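Taking it in order: structure first as structure tokens, then the write-up.
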Amino acid sequence: MKLNLGCGGNKRDGYVNVDKFPHFTPDVVWDLERFPWPFETDGAEAVALTHVLEHLGGPPDVFIGVMKELHRVCRAGARIEIVVPHPRSDSFISDPTHVRPVTLETLFLFNKDWNRAVLAEGKANTPLGLYHDVDFAVTRVDHRLTPRWAERLTSGRVSQEELRDAMDTYNNVIEETLYVLEVRK
Ligand SMILES: C[S@@+](CC[C@H](N)C(=O)[O-])C[C@H]1O[C@@H](n2cnc3c(N)ncnc32)[C@H](O)[C@@H]1O
């Protein structure tokens, strides 16, 4: 089974398309903040969440519930594709239904190796993967730059290092990011 969660109007062939609104006639109408999700344990080989995760789990316990359900319904080795707007972008800030910034570190908190490594260094990051027995490896991170910064980079007006600084400092440098996760069980 492949799941396209929060499909909206972008339904995918070969996927079970899921949304909380019936407007675009998804295969399954379901509020992903309600648990358990109506999918079997270990049943999914691929999951897509395109511009969806930032809409889920304003209350921390609900977000953790979403991550737990994502882990439960996936089989070992399943591929999860997450696309989110950058938290420092107008796209993220402007939508009142965006309830949660999602960063690389948000996802690392659900990785057991990362949890153990930071614990060993005596750092304070909450080991959510260990606490909730979920484990996702981040296998790919692709940033899509805003047109203005993409042009500055390709024209050579900014270096990679200057771009890195800008990403950490300014708004509207990164438009959206693709994270690919591999499910570990
Ligand atoms: C920004 S749209 C993205 C739609 C689609 N994935 C795309 O790429 O065009 C977010 C979608 O997530 C759905 N969504 C938001 N919260 C949800 C929830 N709690 N359960 C299920 N779907 C939800 C919305 O209804 C909406 O269709």
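Please treat every number below as a calculation from the coordinates, not as lab data. All values reported here derive from a predicted model rather than from experimental measurement. We place every Cβ from the backbone using ideal geometry, glycine too, and count neighbours over all the protein chains shown.
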Checklist entry - Once amide H atoms are placed 1.01 Å from N in the peptide plane, what residues at a sequence separation of 5 or more from residue 52, or on another chain, have their amide H within under 5 Å of its amide H? => result 83
Next on the checklist: Strictly greater than 22 Å: what percent of every Cα pair in the range 70-153 meets that?
Outcome noted: 42
Checklist entry - Taking H as built 1.01 Å from N, whose amide H comes closer than 5 Å to the amide H of residue 145, not counting residues under 5 places away? => result 175
Checklist entry - Label 7 Å along Cα→Cβ of residue 182; the range 104-124 residues with amide nitrogen under 15 Å? => result 111-114
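When the gyration tensor of the range 79-118 is built from Cα positions, what are the square roots of 5 times its three eigenvalues, in whole Å, from largest to smallest? Walk me through the numbers on the way to the answer.
On the way: eigenvalues 125, 24, 12 Å².
Values for the range 79-118, descending: 25, 11, 8 Å.
Can you compute the FRET efficiency between residue 105 and residue 13 using 1/(1 + (r/R0)^6), with r the Cβ-Cβ distance and R0 = 35 Å? Round to the nearest 0.05.
Working: r = 34 Å, r/R0 = 0.97.
Result of the calculation: an efficiency of 0.55.
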Checklist outcome for this item: Along the range 118-129, Karplus-curve 3J(HN,Hα) (6.51, -1.76, 1.60; θ = phi - 60°) to the nearest Hz, with x for Gly and Pro, reads 6, 4, 4, 7, x, 7, 9, 4, 5, x, 5, x
Checklist entry - By counting other Cβ atoms within 10 Å of each Cβ, how are 82, 174, 64, 93 ranked from fewest to most? => result 93, 64, 174, 82
Item to check | Pairwise label distance in nanometres, residue 139 with residue 2, each label 7 Å out on the Cα-Cβ vector | outcome: 1.4
Checklist outcome for this item: Residues whose modelled amide H sits under 5 Å from the amide H of residue 172, counting only those 5 or more places away in sequence or on another chain, are 89, 90
Next on the checklist: Take residue 126 and residue 93, extend 7 Å from each Cα along the Cα→Cβ direction, and tell me the distance between the two endpoints in nm.
Outcome noted: 2.6
Checklist outcome for this item: Quick calc: nm separation of the 7 Å Cα→Cβ label points for residue 153 and residue 20 -> 3.3
Checklist entry - What share of all Cα pairs of the chain, in percent, falls into each consecutive 5 Å distance bin? => result 1, 8, 15, 19, 19, 16, 11, 7, 4, 1, 0
Checklist entry - About its Cα centre, how strong a charge dipole does the chain have in debye, to the nearest 20, once Lys and Arg get +1 and Asp and Glu get -1 at the Cβ? => result 200
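Figure the gain on full extension for residue 29 and residue 168 (residue separation times 0.36 nm, minus the Cα-Cα span) and round it to one decimal in nm.
Details: separation 139, 0.36 × 139 = 50.04 nm, distance 3.79 nm.
Computed gain between residue 29 and residue 168 is 46.2 nm.
Using only the Cα atoms, what convex hull volume per residue in Å³ does the range 1-83 have?
Details: hull volume 6.9 nm³, N = 83.
Dividing the Cα hull volume of the range 1-83 by its residues yields 84 Å³.
DSSP beta bridges in the chain, what fraction antiparallel, as a percent rounded to 5?
Numbers: 16 of 30 bridges.
Antiparallel bridges make up about 55 percent of those DSSP assigns within the chain.
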Checklist outcome for this item: For the range 85-98, in residue order, the Karplus 3J(HN,Hα) values (coefficients 6.51, -1.76, 1.60; θ = phi - 60°; whole Hz; Gly and Pro = x) are x, 5, x, 9, 10, 4, 4, 6, 5, 7, 8, x, 8, 7
